[in-house]
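The values are calculated or read from the model by the stated rules, or taken from the named source; none is laboratory data. Since the structure is predicted, the reported quantities are computational estimates derived from the model, not experimental observations. All Cβ positions, even for glycine, are placed from backbone atoms using ideal geometry, and neighbour counts span all protein chains on display. Keep in mind that these areas ignore ligands, DNA and RNA; they rest on the heavy atoms of the full protein, side chains included. Shrake-Rupley method; radii C 1.70, N 1.55, O 1.52, S 1.80 Å.
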Amino acid sequence: MAQPLDATLNQLRYFAALADELHFGRAAGKVGISQPALTRQIQSLERFIGAPLVERTKRSISLTKAGEVFAEEARETLRHHDRAIHAARHVGNRPEQSLAIGFEPCAPFHNFPSVVLKYLRRYPGTRLSTFTMAAPEQGEALARHRIDLGFLHPPVPEQEHFTFEPVSVDRFILALPDSHALASRKRIRMADLKRERWVLYPRHLAPACYDAVLRMCETSGFRPDVIHESNGVSVSLGLIPALGAITLFPECVRSRKSDGVAFRELDGKVAEVTCGFLLRAADRSPAVEGFLNIWRVASGTQSEKQLPRKIIG
């Protein structure tokens, strides 16, 4: 029998299905072929690779060491293939002048809405879309070309594939009910918060901020007693006086006035978090560059005279 020149994408799909199911009948049903056909394809793969991929017994099958390695690489190849198809379709179906931005909930506290408005006024021909998105989701969305720009706190995923442009560094501050006994102080020690009840955001929403808060608590000898989790800053601010709870926010949140809430500085060494824009390293499109330039003008690091009048590209 002639030796195949290479493994096909279909063969990778067949083997990935078999690795997931560890059952020829179920795997064949999953990929829509007969069980004998699947067996022949796996045998063809094994001949091409020159090593057994599957251990077969009368009652079960398992992957060999070579099979485990090949299964993982096959899945990764299929993910790259699917991502390439999705990206090409997405770009092909989008208007020529468009910009999609994903952002963490902190973005409104960093002048984000006003920059969006300035961008739309200056470049009215560009369709701008914005989406609230957790930091880990933004890396995936950028890789799949679902968004063109992200706004988040590091860490940055797969740094060789992305560029991060920092825009702000924030210290953490304490938010507590303005009727709380500690609100009479100007500065408060973390150790004094040991017996307090906390409102906190879920870790998946902003991992960098969550981890920084947890480290500060643990360094002070306690874990926070979290009685409520909320993915909205406004909701958390409303719950603080209602529940008699506290939390730590990046200092940018201080700009949001909320009835019954006081903000206080923390004493001692206080964690800081950086936020900024995440973009694909190999893709600095005119629309992306235009938005970043508007942001730089708003923050005073660039002159408005340097902005182009229209997006070209």
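Miscellaneous remarks
- Checked against (1) outside any strand (DSSP E or B); (2) surrounded by fewer than 19 Cβ atoms within 10 Å (Cβ to Cβ), GLU165 passes all but condition (1).
- Qualifying residue in segment 27-37 (condition: in contact with an Asp or Glu (Cβ under 8 Å, 6 or more places away or on another chain), polar (S, T, N, Q) and modelled with pLDDT of 90 or more): no
- In segment 109-125, of all residues being open to solvent by 70 Å² or more (accessible area, probe 1.4 Å) and charged (D, E, K, R), the one that is nearest to VAL253 (Cα to Cα) corresponds to LYS118.
- Evaluation of THR301 against (1) modelled with pLDDT under 80; (2) within 30 Å of ALA191 (Cα to Cα) (one fails), failing number: (2)
- Taken over segment 184-205, the criterion of being open to solvent by less than 40 Å² (accessible area, probe 1.4 Å) and either at pLDDT 95 or above or in a strand (DSSP E or B) (or both) is satisfied by ILE188, MET190, LEU193, GLU196, TRP198, VAL199, LEU200.
- Residues that are touching a Phe, Trp or Tyr at 6+ places or on another chain (Cβ under 8 Å), open to solvent by 40 Å² or more (accessible area, probe 1.4 Å) and not in a helix (DSSP H, G or I) within segment 5-53 comprise ASP6, ILE33, listed in sequence order.
- Any chance VAL213 is surrounded by 14 or more Cβ atoms within 10 Å (Cβ to Cβ), touching a Cys at 6+ places or on another chain (Cβ under 6 Å) and closer than 30 Å to HIS161 by Cα: no
- Among the conditions (1) within 14 Å of ILE173 (Cα to Cα); (2) buried (at least 17 other Cβ atoms within 10 Å of the Cβ), the only one that LEU278 does not satisfy is (1).
- Among the conditions (1) assigned to a helix (DSSP H, G or I); (2) modelled with pLDDT of 85 or more; (3) surrounded by 13 or more Cβ atoms within 10 Å (Cβ to Cβ), HIS90 misses just one, which is (2).
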